[in-house]
Amino acid sequence: MTVNLITISELANIFEINQHTIRHYEEKGLLAPAEVSENGYRKYGLTEAYKLSFVLFLRELGLSLSEINELLESGSKIDYTKVLMERKLKIQEEKHRLDMLSQMVDEQIHLTTKIKEKTYDVKSPIRLKCLVRKQITENLTILDLLESGLKKEIFLGRVYYIIYENFYDVCIENKDGKAFEIDSGRYGMTVIEVNNEVELNYELEKILLLQELPLITIEDNERFLSSGERLTLKVLGAQR
């Protein structure tokens, strides 16, 4: 009997895997114990530990068990080098994808700021045409837009919400519009980003503590990930 061997449980603990994984590798011919005792206990030495480490490394690279088996059977350094070069290319591609994803996450984290102070420049007077007038307690629906006679333009262009005490007007820019006119100049601006009507009302109530009616709010089609689930509104303040 060979000394200085460890059990399958001890080997599994070293590599932080379960015993079933080791047995599965043995069934696939990727690993074999150094010895099996009369009572069926598997024993492993340093050679088996190195081989298991190699198999786990190849699995981390994304090789299937059959691919690992072929590589072990060939024992070719040329084949191994080829595999490493192929996997390195895939890792670089994945790294690029993750870098892009990380950048998107950073942008979305930035958008989670509820209120941000900015300015809004109006280069020339903007005349607005009212599409729909709603009571302040009523929500805008898709039927309202359908009845207004406007189609995709409402989603592609800039939409203005002019909020009064008891009602609000949903408007678009129109050179002949008579509903409202925004003078040219630089305005203070608060950006609010909300997920539902409750959040919207809460944010508007905070702004109304500092500003007088009517409120000029602008939707620039910045819906969260273009899904329509998140609403971004720019609320114009006093001219500066």
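Here, each number is a calculation from the coordinates, and none is a lab measurement. Fair warning: this is a prediction, and the values are worked out from it, not measured in the lab. All Cβ positions, glycine included, derive from the backbone under ideal geometry; neighbour counts span all protein chains shown.
Please work out the FRET efficiency for the pair GLU86 and ASN166, using the Cβ-Cβ distance as r and a Förster radius of 51 Å; give the result to the nearest 0.05.
Values: r = 68 Å, r/R0 = 1.34.
Approximately 0.15, to the nearest 0.05.
Which trypsin sites (Lys or Arg not before Pro) does the stretch 49-79 hold that lie in a coil by DSSP with at most 10 other beta carbons within 10 Å?
Values: sites: LYS51, ARG59, LYS77; in loops: none.
Hits after loop and neighbour filter: nothing returned.
How long is the gain from THR7 to SER184 if the chain were fully straight, where each residue apart is worth 0.36 nm and the alpha carbon distance is subtracted?
On the way: separation 177, 0.36 × 177 = 63.72 nm, distance 8.10 nm.
The span from THR7 to SER184 would gain 55.6 nm if fully extended.
Could you tell me how many degrees, from 0 to 90 and to the nearest 10, lie between the Cα long axis of helix 197-208 and the main elongation axis, the longest principal axis, of the Cα atoms of the chain?
50
Give me the angle, in degrees from 0 to 90, between the Cα long axis of helix 46-60 and the longest principal axis of the Cα atoms of the chain, rounded to the nearest 10.
30
Which value results when the Cα radius of gyration for the stretch 6-106 is divided by 2.2 N^0.38 Å? All intermediate terms of the calculation are to be shown ahead of the outcome.
Details: Rg = 17.1 Å, N = 101, 2.2 N^0.38 = 12.7 Å.
So the stretch 6-106 has a normalised radius of gyration of 1.34.
May I ask for the angle, rounded to the nearest 10°, between helix 65-74 and the longest principal axis of the chain, with both axes built from Cα atoms and the value confined to 0 to 90°?
Between helix and principal axis, roughly 40 degrees.
Under a crude label model (7 Å from the Cα following the beta-carbon direction), how far is ARG158 from ASP121 in nanometres?
It is 1.2 nm.
Springs between alpha-carbon pairs under 10 angstrom, Gaussian network model over the chain: which of ARG87, ARG42, ARG127 fluctuates most?
ARG42
Report the full-extension gain for the segment GLU138 to LEU56: residue separation times 0.36 nm, less the Cα-Cα distance, to one decimal in nm. Walk me through the intermediate numbers first.
Working: separation 82, 0.36 × 82 = 29.52 nm, distance 6.07 nm.
Full-extension gain reported as 23.4 nm.
Expected output is a single nm value to one decimal: the length gained when fully extending between ASP79 and GLU147, i.e. 0.36 nm times separation in residues minus the C-alpha distance. What is it? All intermediate terms of the calculation are to be shown ahead of the outcome.
Working: separation 68, 0.36 × 68 = 24.48 nm, distance 6.80 nm.
Length gained, ASP79 through GLU147: 17.7 nm.
Listed here are the pairs LYS134/LYS178; LYS43/LYS82; LYS175/LYS206; which of them are more than 24 Å apart at the Cα? Write out the running numbers ahead of the final one.
On the way: LYS134/LYS178 17 Å; LYS43/LYS82 33 Å; LYS175/LYS206 33 Å.
With Cα atoms farther than 24 Å apart: LYS43/LYS82; LYS175/LYS206.
Taking neighbour Cβ counts within 10 Å as the exposure measure, how do HIS24, HIS96 sort from fewest upward?
The order, fewest Cβ neighbours first, is HIS96, HIS24.
If R₀ is 22 angstrom, what is the calculated FRET efficiency for the pair HIS24 and GLU94, using the beta carbon separation as r and rounding to 0.05? Mind showing how you got there, number by number?
Working: r = 26 Å, r/R0 = 1.18.
Once rounded, the FRET efficiency stands at 0.30.
May I ask you to sort TYR160, TYR202 by Cβ crowding, counting other Cβ atoms within 10 Å and putting the fewest first? Show your work: numbers first, answer last.
Numbers: TYR160 24, TYR202 13.
So the residues, fewest neighbours to most, are TYR202, TYR160.
I want to check the label-to-label distance for LEU72 and ASN196. Put each point 7 Å from Cα in the C-beta direction and report it in nm to one decimal.
5.5
Candidates [x] 1.36; [y] 0.97; [z] 1.01; which is the computed Rg/Rh (Cα atoms, Kirkwood Rh)?
[x]
Using Cα pairs under 8 angstrom and six or more residues apart, how large is the relative contact order of the stretch 6-106, in percent?
On the way: 57 pairs, mean separation 20.1, N = 101.
Answer for the stretch 6-106 is 20 percent.
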